[in-house]
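The values are calculated or read from the model by the stated rules, or taken from the named source; none is laboratory data. Please read these numbers as outputs of a predicted model, since none were measured by experiment. As a convention, Cβ positions derive from the backbone with ideal geometry for all residues, glycine included, and neighbour counts pool all protein chains shown. SASA here: full protein model, heavy atoms, side chains in, ligands and nucleic acids out. Shrake-Rupley method; radii C 1.70, N 1.55, O 1.52, S 1.80 Å.
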Amino acid sequence: MSSPLDIQQGFPDAARHQIAVLYDAAFGAKLGIAIPDAKLRLQILAEAFDPSHAFVAISGTQILGVAGFKSRHSSLTVGISSSLLRKRLGLFGWLRALSILALFERKLGPDQLLMDGLCVAPEARGSGIGSQLLDRLKQFAAEEGYRTIRLDVIDTNPGARRLYERLGFVPRTSTHFAYLRWLLGFSAATTMEYRLAPAA
Ligand SMILES: CC(C)(COP(=O)(O)OP(=O)(O)OC[C@H]1O[C@@H](n2cnc3c(N)ncnc32)[C@H](O)[C@@H]1OP(=O)(O)O)[C@@H](O)C(=O)NCCC(=O)NCCS
């Protein structure tokens, strides 16, 4: 990494494609079940992003990491709507995407922020970028008066779970869906929560 790393909220439209590539490299296997065509998936992601609901790690012009989140106002991937999917996919593709994405739908609790994707470029992993993004998100959540940050981590991703535990996230509940392993590639997910200290 040559230029210093900066963590900022939001990103310009010119970065949409770069962020879609990053997001897809991390979550494409899961999203690919809903939208198998990689080119269409990138196009839909880039179009659907709400940049206000992301912190990005930038070095020079290169985006090395993204932490998306969902609040009661919006979410990074808010635009992956039925109407966008209908516009971009054929009837069968639209129905397939809707039914798969429904499995990943998560509701917000009161005063809660929900993670909507944390990903770091493969070549930049292990150098603290994911931790810095999460720290920035915690700071934002505290400033905005949220009480908890919630996320779901799947059973096949113990590395990410270790990172969350180190940063103070605590496992709350686990959901098992062994019958969906053949489809999703994982059979359990753990909901983890970070509690923000109440304002003094
Ligand atoms: C998980 C992820 C965001 C961590 O980002 P990062 O910048 O590498 O994280 P940091 O450098 O701050 O911390 C490193 C920790 O991340 C975790 N980690 C998970 N996958 C890792 C990987 N491929 N390389 C390095 N660290 C990884 C480990 O717990 C590691 O800590 P350890 O060295 O004690 O094992 C990143 O690996 C990633 O984008 N993975 C793919 C997408 C993903 O799994 N996102 C989380 C979904 S819940």
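Assorted remarks:
- Under 17 Å from the Ser131 label point (7 Å along Cα→beta-carbon), backbone N, the stretch 1-38: 5-7
- Excluding the site residues themselves, the longest part of the chain lacking any GluC sites (Glu not before Pro) in a DSSP loop with at most 16 other Cβ atoms within 10 Å is 1-104.
- Between Leu163 and Phe92, the FRET efficiency from the beta-carbon distance, with R0 = 41 Å, is close to 0.60.
- Summed over the residues of the chain and divided among them, the accessible surface reaches 52 Å² per residue at a probe radius of 1.4 Å.
- Apportionment of accessible area to carbon and sulfur, the stretch 5-195, percent (1.4 Å): 54
- Pairwise centroid distance, computed over Cα atoms, of the stretch 46-104 with the stretch 135-172, Å: 20
- Entries of Lys39/Lys70; Lys39/Lys87; Lys39/Lys107; Lys87/Lys107; Lys70/Lys138 with Cα pairs more than 22 Å apart: Lys39/Lys70; Lys39/Lys107; Lys87/Lys107
- Full-stretch length increase - His176, Lys107 - with 0.36 nm per residue and alpha-carbon distance subtracted: 23.1 nm
- Helical segments meeting 30 Å axial Cα length and Kyte-Doolittle 0.0 threshold in the chain (DSSP H): none
- Adding -39500 (n - 2.57) for every DSSP H run of four residues or longer, then dividing by how many residues the chain holds, sets the calculated 222 nm ellipticity at -12000 deg cm²/dmol.
- Distance cut-off 23 Å, percentage of C-alpha pairs in the chain lying past it: 45
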